[in-house]
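Report on the following structure.
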Amino acid sequence: MQDAGRRRERILNPGTELPKTGATRWVPMRAWWPRVGRATLRKDALAGLSGALIVLPQGIAYAVIAGMPPEYGLYCAIGPAIVAALFGSSWHLVSGPTAPISIVVFSALAPLALPGSPEYVKLALTLGFLVGAIQLSLGLVRLGRLTDLISHSVIVGFTTGAAFLIAASQLKHFFGLPAPARTGFFPTVFVAAKALPDLSIAVTAVGLLTLVVCVLSRRLAPRLPHMVVAMIAGSLLAALWPWSQAAGVAIPTVGALPAAVPPLSTPSFDLDDWNRLGGSAVAIAVLGLTEAVAIARAVALRAGQTIDGNQEFIGQGLSNIAGSFFSGYPSSGSFTRSGVNFDAGAVTPLAAVFASVILMAILFFIAPVVAYLPIAAMAGVLFVVAWGLIDLRGIRRIFAAWQDNRDEAIVFCVTFGATLLIALEFAVFVGILLSLILRSLRNTPNGPV
């Protein structure tokens, strides 16, 4: 009876922690599995359904950002998400494709191979394997507190810069411009502006409608999957565009997705490839860990849970290693999907598992339909994604403290500028290095005050 009472308390009170043992460190499931029951399974399944509906458009959109075929964004939200949920310490963190990681992947791989090509995909899988190996190694040597040394201003500055880069990369698709692809913010904007007189009215109308519907549906009907609603609206306009057939206007579409489970894949074990990707792998590993641990801690504060940073490192590492063998490119924790997972009533990590399984089932039904999804509609959705990456409240907080601590504002500005001007993987290091230098100077007796 006593055991039954304790079990019931653990189910009804999400903040109840179980004692940690050596076994739970190697098999984290042992810490929360006693909380699983009929009631929690129902809550987790419903939360998983919400998560699957959200990641469906996000996965496709983030794959486009990363330069990958659209289906790889969904593959990245299946296998890696399950592994991260089962081997991490957070009960609510949902991993998979994210916008910041996707934009760094594109920045790292675009100079090495044609985006979307088999060679590009192979390099992305290899990059995921290397990222996972680095993250796992850091977790095994118990460097979980490493992320505490990274200033919040670095993340805010980087994600703000990434938002500008994402928006710039979609200008060509949003307006239907005959402009060649470019990397870097200013070259991309310059080329797009030069080609703007040749924009396609039909393509622009589809992108604009998708953007407006996405914004309005999120504000007026927040319970609806606003990205899905917006994509449907854009697709309908493209299909019904009155002059498209008569004028011979072609509105480019994404193309059909394969209705299949994530196929097995193999990363490259060529040392030359590892040397080319090594620097990018370190940057993505650090960025991904910082992103995942920060999100896990933010949600854990609401859930009354304690996060084990080392365990999260291990979970993210195993997730990326597994993803490289199941067609997943580098992934991390998602703030949007983790927040929705918690708000939807998830109790255990099984919610993330349910979301992945449901997504896999949905993929069989929607794969043929995606063939009619206009690329301009994807661009409209990605503009909304980019806007969501800009933490206006965080930026105001950084500059509001200018009189007391100018270091954070300086770190933000330098990281933001570096993100727009140099390769993203190096921009992350610039921000982190500057943050550590300023912190060191502040802590020295003769340092700045």
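The numbers here are math on the coordinates, done by the rules we state, and not lab data. These figures come from a predicted structure and were not determined experimentally. Reconstructed Cβ throughout: ideal geometry from the backbone, glycine too, with neighbour counts over all protein chains shown.
Out of segment 338-352, which residues are farther than 20 Å from Leu289 by Cα and surrounded by fewer than 19 Cβ atoms within 10 Å (Cβ to Cβ)?
Matches in segment 338-352: Asp343, Gly345.
For segment 318-337, give me the residue count where each residue is buried (at least 24 other Cβ atoms within 10 Å of the Cβ) and within 22 Å of Trp32 (Cα to Cα).
Selection size over segment 318-337: 5.
Could you list, in sequence order, all residues of segment 216-225 that are in contact with a helix residue (DSSP H, G or I) (Cβ under 7 Å, 6 or more places away or on another chain) and free of Cβ contacts under 8 Å to residues at least 60 places away in the same chain?
Ser217, Leu224, listed by residue number.
Quick one: in segment 295-317, of everything that is under 25 Å from Leu389 (Cα atoms) and of a type in the set (Gly, Ala, Ser), which residue is surrounded by the most Cβ atoms within 10 Å (Cβ to Cβ)?
Among those residues, the one meeting the criterion is Gly315.
For Val385, are the conditions met, namely being within 13 Å of Val156 (Cα to Cα) and buried (at least 16 other Cβ atoms within 10 Å of the Cβ)?
So Val385 does not fit the description; no.
Starting from segment 391-418, take each residue that is surrounded by fewer than 14 Cβ atoms within 10 Å (Cβ to Cβ) and list its partners that are among the acidic types (Asp, Glu), counting only C-beta distances under 7 angstrom and pairs at least six apart or across chains.
Ala401/Glu408
Just for helices (runs of 4 or more DSSP H) wholly inside segment 279-397: which have at least 3 residues that are among the charged types (D, E, K, R) and under 27 Å from Gly161 (Cα atoms)?
Result: empty, no element qualifies.
Go through segment 247-267 and report how many residues are in contact with a Leu (Cβ under 7 Å, 6 or more places away or on another chain), more than 30 Å from Ser200 (Cβ to Cβ) and of a type in the set (S, T, N, Q).
Counting residues in segment 247-267 that are in contact with a Leu (Cβ under 7 Å, 6 or more places away or on another chain), more than 30 Å from Ser200 (Cβ to Cβ) and of a type in the set (S, T, N, Q) gives 1.
Determine whether Tyr120 is surrounded by 24 or more Cβ atoms within 10 Å (Cβ to Cβ) and among the aromatic types (Phe, Trp, Tyr).
No, not satisfied.
I'd like the full set of residues that are buried (at least 20 other Cβ atoms within 10 Å of the Cβ) and among the hydrophobic types (A, V, I, L, M, F, W, C), limited to segment 220-232.
Scanning segment 220-232 gives Met227, Ala230, Met231.
Is segment 196-203 home to any residue that is of a type outside the set (Ser, Thr, Tyr), in contact (Cβ under 8 Å) with a residue 60 or more places away in the chain and either crowded, with 18+ Cβ neighbours inside 10 Å or more than 16 Å from Met378 (Cβ to Cβ) (or both)?
Looking for residues that are of a type outside the set (Ser, Thr, Tyr), in contact (Cβ under 8 Å) with a residue 60 or more places away in the chain and either crowded, with 18+ Cβ neighbours inside 10 Å or more than 16 Å from Met378 (Cβ to Cβ) (or both), one finds at least one in segment 196-203, hence yes.
Among Pro111, Pro100, Pro70, which is closer than 25 Å to Ile366 by Cβ and in contact (Cβ under 8 Å) with a residue 12 or more places away in the chain?
On inspection, the qualifying residue turns out to be Pro70.
Residue by residue through segment 183-205, note down the ones that are farther than 11 Å from Ser169 by Cα, not aliphatic (A, V, I, L, M) and not in a helix (DSSP H, G or I).
Residue satisfying the conditions is Ser200 alone.
Please give the number of the condition Val213 fails out of (1) part of a helix (DSSP H, G or I); (2) among the hydrophobic types (A, V, I, L, M, F, W, C); (3) free of Cβ contacts under 8 Å to residues at least 60 places away in the same chain; (4) surrounded by fewer than 21 Cβ atoms within 10 Å (Cβ to Cβ).
Of the numbered conditions (1) part of a helix (DSSP H, G or I); (2) among the hydrophobic types (A, V, I, L, M, F, W, C); (3) free of Cβ contacts under 8 Å to residues at least 60 places away in the same chain; (4) surrounded by fewer than 21 Cβ atoms within 10 Å (Cβ to Cβ), the odd one out for Val213 is (4).
Taking the options Ser137, Ser89, name whichever one is among the polar types (S, T, N, Q) and not in a helix (DSSP H, G or I).
Sole residue among the options that is among the polar types (S, T, N, Q) and not in a helix (DSSP H, G or I): Ser89.
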